[in-house]
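Every number here is computed from the coordinates shown, using simple stated rules; none is lab data. Given the structure is predicted, the values throughout are model-derived calculations rather than measurements. A quick note on method: Cβ atoms are made from the backbone with ideal geometry, for glycine too, and the neighbour counts reach across all protein chains shown.
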Amino acid sequence: MTSSYLMPLIMMPILICLIAVAYYIFVPENFKNDHKRNYKGMFSLDTLPYLLSACFIYILVKSQLAIINFLDRGTYTNYARYMILIEGDTVAYFQNFATPMLTYASATVYLIGFSFLLIFTFLLLMYTQNLEVLQEYTIAFVAIYLVALPFYIYVPVPVTGFTLPNVVPLLYDLSPIILQGVTIVDPFLDNCFPSLHAALSAMAMLMVFRTNLTRFKIFSLATTVAIQFTILYLGIHWITDMIGGFILASLSYFVATRYRTSILKLPERIVLTLEKRTDLVDALNSVLLSKKLIK
């Protein structure tokens, strides 16, 4: 159990340092001049629901194995054969020019770059008070996970490196720490379709392009493109996974930007409905009590 959490423990200080550096690179100067007010705004009641949503997704991701056990998904069906029917071993071409340097760089982008893009986008939107885009980002983020999770439970697709004979699991061969760390969120290494790395990075990039954060737009575009290469090169995803991730990113982006206001009103409507039902029950009880039909 302890060794499984070595990778997150190693990544955490690296990400904190990167976020500190990124603050000076990507935060516009006019926001830096009012640091205290912007920092307080990050943790106000306006942003609390989005922090809670992020925590909910984090818990959900960590609970995947428990959910699988609860649903008694003991019978394993290998859906990789359908991927082979669709695309064969085309993804193997991405490893034709594999080198140790490229593998280490790709692993860094896959593990650190992806995590940094998602976390810093969230923090930057909070800090710069881009509340509408923050709302859309959170809605799309939650939607992507909620749509992908049933696929991972009921349509498991193993990684290419452990399926195709001519594809090497480059990421997992780098270190047992990486392999054990990845299995925290992907217990059986079969959470391939749709690709969350493709979906979440593409969605984050699209959301960033709705802001005026010019330098971060360039960074998010470059990082997203690099991530797509790494998921194929490192022996993890199928090309079909990446396409599925792009489709999921596009749909979640459309829903979040088009129906943001309606979605945010849902909790209020639920509360009002419950209040009306409570009032109705209270009124009915009062009538029954007055007629001495109940005690």
So the pair-distance distribution of the stretch 3-258, from every Cα-Cα distance in 10 Å bins, comes to percents of 7, 29, 37, 21, 6, 1
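Tell me the Kirkwood radius of the stretch 160-229: reciprocal of the mean inverse pair distance over distinct alpha-carbon atoms, in Å.
14.1 Å is the Kirkwood radius here.
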FRET efficiency, 1/(1 + (r/R0)^6) with R0 41 Å, evaluated for Asn33 and Leu65 via beta carbons
0.30
Tell me the label-point distance for the pair Ala54, Tyr23, using the 7 Å Cα-to-Cβ offset, in nm and rounded to one decimal.
1.4
